[in-house]
Amino acid sequence: MSILYDEGQQAIATESRRVLDARMDKSRLLKLLEQVGEHDQPFWDTAVEQGWTALAIPEEHGGLGLGLTELGLVAQACGAATSGAPFLTGSCGLAQALLQGSDAALAGVWLPKLAAGEVTGCVAFAEGSSALPPVSSVTFADGKLSGTKPAVPGGIKADLALVWADCAGEAALVVAELSGAARAAVNSYDNSRLYADLGFDAAPATLVALGEAARHLALDVLARMAVVTAHEQVGGAEALLHIARDYAVTRKAFGQPIGAFQSIKHRIAEMYGLVEVARANCIHAAAQEGSEEFLLAAADARISATEAYDTNARDCIQIHGGIGVTWELGLHLHMRRARSLAVESGNLLFWEDLLVNQLTGEKA
Amino acid sequence: MSELETYRAKARAFLESMAPKYGRDARSGNTVEQDLALGREYMAARHDAGFAGINWPVEMGGQGLTHLHKITFDGEEMQFGMPSHFFGISLGMPVPIVMHYCEDKEWVKERVRKALRGEEIWCQLFSEPSGGSDLAALRTKVEPDGNGWKMNGQKIWTSWAQYCDYGVIVTRSDPTVEKHKGLTYFWIDMKAKGVEVRPIKLAGGDSHVNEVFFDDVRVEDSQRLGAVGGGFGVALHTLMIERYIATDSGGFGPHLDEFVKTAQTTELNGKPAIEDGRIRAAIARNHAMRAGLDSITRRAFAMMMAGMQPGPEGSLQKLVAVRSRQKLSELAMDMKGADSLAFDEHAYVKTDWGTSWLNAPTGRIAGGSDEVLLNTIAEKVLGLPQDHRPDKGVPFNAIPG
């Protein structure tokens, strides 16, 4: 696949950014920070209306049949706008598991609904510090799921979960409807991510992969989510670069724009470097979808994007001085999002280990 | 296979046939003089095989191919460690600029041929003790002298000047106007009366750079390239010629595979170092960074193939790659502990961590220091203001010392 965006892809990038610029509202997002269990409905309505939920789902399941490159470009626009809901990434992971999993009937039921945005998905793999625990504490037997998954992104409101579980000593990937699940909302520093501890008490669930196949599929799902998230991080990091640049050319101190001081201008040039390295990795990773190099490319994208977004959040605020730490200016929306995205979809430590394992040929 | 890939395969076949005689292993243990003699032989063979002046016009003795063909060849050649580095600057900047500005085409064609065959070498005399990053602060003076010019002053950091036959030089012809406006550009004969070259021994032990002194050196007006007072423009043109060159995300040091190999074969706390979290984090971070630079390069290449102008992100390559090579080299030495203390001054910079470390500072300064590169990105790409420049708008001879 080409690493140059074609006209259609460029149009997706421009249009998604234009729509979000017109409709997103910082004051709404700031309010959501202090409300547990709420997301930005206008954002999600926009995502559904624009067909973003259908982008990466095949046409025979009611989707648009595009791929990670297109979804990535939308995620980048969402990242720039500090999007108001976590469902694009979660639904992407769930949809892939349904597509590649063993239950075609299940895929036939849910994929059209996911594409239409009628239902939303979340992915419940992590436990504690482990993004994909060697043995999950959640068990699956006889079609029933039991146990608790902590702080699942989207968990408060998602309709459907993809769960990493243990089935009599073997890894299992299962899909569970969440209508009957116990959802304990987590009060977070980034509440529109809708984190919840999901409790299953012999809840009905359907197996999509078992054993080595489950581990393989789970890694592929995580890698896809990581690539989408990395695009979102690049969008956020780039927005911060522009905010910092604009401030540095207008704000004056000691008789000149602060951007004329090398301590400021070099910091901003470094922010640019981080964005471009991460962007290049994202473009490459999206184009590697389905190839043998995909996991490695996803790890590269994820590591560089996390570094770019965290650093740019830190430095953009520093460049602003006092005004940068005010609630009203809202740079902390990016700072909070940089951290929540860094931890979701496998943290930095997970991807660093996975990358080295890929290089040395050890099993992830 | 695309036409470029066919070309790459042809280049590779040629380089493989040359490697036993001229490659990295064949050169091992050579003195600089032996290496230069071998390099001249290699350049002649490369010229005979049709891989010289790849993107230069046929009528000037080149191959008439595209810039992409040249980058393709250079990228392949870089992997073999051929002794072509003596000729890199010569063919990269001075000879193309002479081709562009010099009016005596027959004379130029003879120079081009000899430079491509390694029989003659050209240097670039820009930096001075009073101006490296600040090129326009240079002081080497030319004055009218009959129907020509007389040159006095000093250049520094001139690569390979001790082996050069010719050079291109920027000089100050008028100190009464602003510093950028009073410069004039010439080619000079490095063997002319009054030119003295003194090698400078660098921290790594080698002496590839020089001081060059000019004492009443006679220069003909036919050696002038561009207008009187137009030297700064010609200098910028010179620096732009090599804008898109074959890059190395390893910062011209060892490949990351070398670090992984070292980590797999070195023991740390009773375990292979590759199992140590600090080592793993460094590998992962460096891999992600280098993969990003490689993707930028591939995208620039794809854009050029599509007839588009590559983006400004290419300017990150040297800045990001070399300074991270410096740190990675330090970590590799730490990992090896006492075993890293032995030093071989003839070791190859792309396979030896000690050599890579010791020569890394040169890489961060030569060809634009990190700070100048950051300024360029900030000002040209991001539109940030210039630094405070007290010499702006002031005649050169009125700038406070």
*Is it true that some residue in segment A:90-101 is farther than 13 Å from A:Arg224 by Cβ and either modelled with pLDDT of 95 or more or of a type in the set (D, E, K, R) (or both)?*
no
*Taking the stated definitions as given, is B:Val195 of a type outside the set (Asp, Glu), closer than 24 Å to B:Val95 by Cβ and without any contact (Cβ under 8 Å) to a residue 40 or more places away in the chain?*
yes
*Identify, by number, the condition in (1) more than 20 Å from the chain's Cα centre (by Cα); (2) part of a helix (DSSP H, G or I); (3) surrounded by 15 or more Cβ atoms within 10 Å (Cβ to Cβ) that A:Gly108 doesn't meet.*
(3)
_Given the condition outside the structural domain of B:Asp221 (by TED's automatic domain parsing) and over 18 Å from the mean Cα position of the chain (by Cα), answer yes or no: does some residue in segment B:85-99 qualify?_
yes
*Restrict the check to segment B:150-158 and report whether at least one residue is surrounded by fewer than 23 Cβ atoms within 10 Å (Cβ to Cβ), among the small types (Gly, Ala, Ser) and not in a helix (DSSP H, G or I).*
yes
*Go through segment A:32-83 residue by residue and tally those that are closer than 22 Å to A:Ala97 by Cβ and among the aliphatic types (A, V, I, L, M).*
12
*Working carefully through the options A:Leu73, A:Leu55, A:Leu29, A:Leu66, find the one that is in contact with a helix residue (DSSP H, G or I) (Cβ under 6 Å, 6 or more places away or on another chain) and in a loop (DSSP other than H, G, I, E, B).*
A:Leu55
_Quick check on my filter: what residues within segment A:297-317 are surrounded by fewer than 22 Cβ atoms within 10 Å (Cβ to Cβ) and either in contact with a His (Cβ under 8 Å, 6 or more places away or on another chain) or closer than 17 Å to A:Ser340 by Cα (or both)?_
A:Glu307, A:Asp310, A:Thr311, A:Arg314, A:Ile317
*Considering B:Val372, B:Val349, which residue is within 18 Å of the chain's Cα centre (by Cα) and surrounded by 18 or more Cβ atoms within 10 Å (Cβ to Cβ)?*
B:Val349
_Of the criteria (1) within 28 Å of A:Asp353 (Cα to Cα); (2) assigned to a helix (DSSP H, G or I); (3) in contact with a strand residue (DSSP E or B) (Cβ under 8 Å, 6 or more places away or on another chain), which one A:Val249 fails_ = (1)
*Among residues of segment B:11-56, those that are over 23 Å from B:Asp165 (Cα atoms) and surrounded by fewer than 16 Cβ atoms within 10 Å (Cβ to Cβ), counted*: 11
*Just give me the residues in segment B:306-344 being in a loop (DSSP other than H, G, I, E, B) and either within 14 Å of another protein chain (Cβ to nearest Cβ) or of a type in the set (S, T, N, Q) (or both), in sequence order.*
B:Ala306, B:Gly307, B:Met308, B:Gln309, B:Pro310, B:Gly311
*asked:* Restricting to segment A:256-269, name every residue that is assigned to a helix (DSSP H, G or I) and within 7 Å of chain B (Cβ to nearest Cβ).
replied: A:Gly259, A:Ala260, A:Gln262, A:Lys265, A:His266, A:Ile268, A:Ala269
*Name the single residue, out of those in segment A:134-165 being assigned to a strand (DSSP E or B) and in contact with a Pro (Cβ under 9 Å, 6 or more places away or on another chain), that is nearest to A:Ser83 (Cα to Cα).*
A:Trp164
*Working only within segment B:350-388, note down all residues that are more than 10 Å from every other protein chain (Cβ to nearest Cβ) and assigned to a loop (DSSP other than H, G, I, E, B).*
B:Lys350, B:Thr351, B:Asp352, B:Ala366, B:Gly367, B:Gly368, B:Ser369
_segment B:115-157, residues that are assigned by TED's automatic domain parsing to the domain that holds B:Pro57 and free of Cβ contacts under 8 Å to residues at least 40 places away in the same chain_ = B:Ala115
*Positions within segment B:281-314 being farther than 21 Å from A:Ala230 by Cα and either crowded, with 20+ Cβ neighbours inside 10 Å or of a type in the set (Phe, Trp, Tyr) (or both), in sequence order*: B:Ala300, B:Phe301
*Can you tell me which of A:Ala253, A:Ala244 is outside the structural domain of A:Leu71 (by TED's automatic domain parsing), buried (at least 21 other Cβ atoms within 10 Å of the Cβ), at pLDDT 95 or above and more than 15 Å from A:Ser345 (Cβ to Cβ)?*
A:Ala244
*Qualifying residue in segment B:100-116 (condition: buried (at least 21 other Cβ atoms within 10 Å of the Cβ), farther than 20 Å from B:Tyr22 by Cα and among the hydroxyl-bearing types (Ser, Thr, Tyr))*: no
*Considering B:Leu183, B:Leu239, B:Leu225, which residue is within 30 Å of B:Arg389 (Cβ to Cβ), touching a residue at least 24 places away in the same chain (Cβ under 8 Å) and surrounded by fewer than 17 Cβ atoms within 10 Å (Cβ to Cβ)?*
B:Leu239
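The values are calculated or read from the model by the stated rules, or taken from the named source; none is laboratory data. None of these values were measured; they are calculated from a predicted model. As a convention, Cβ positions derive from the backbone with ideal geometry for all residues, glycine included, and neighbour counts pool all protein chains shown.
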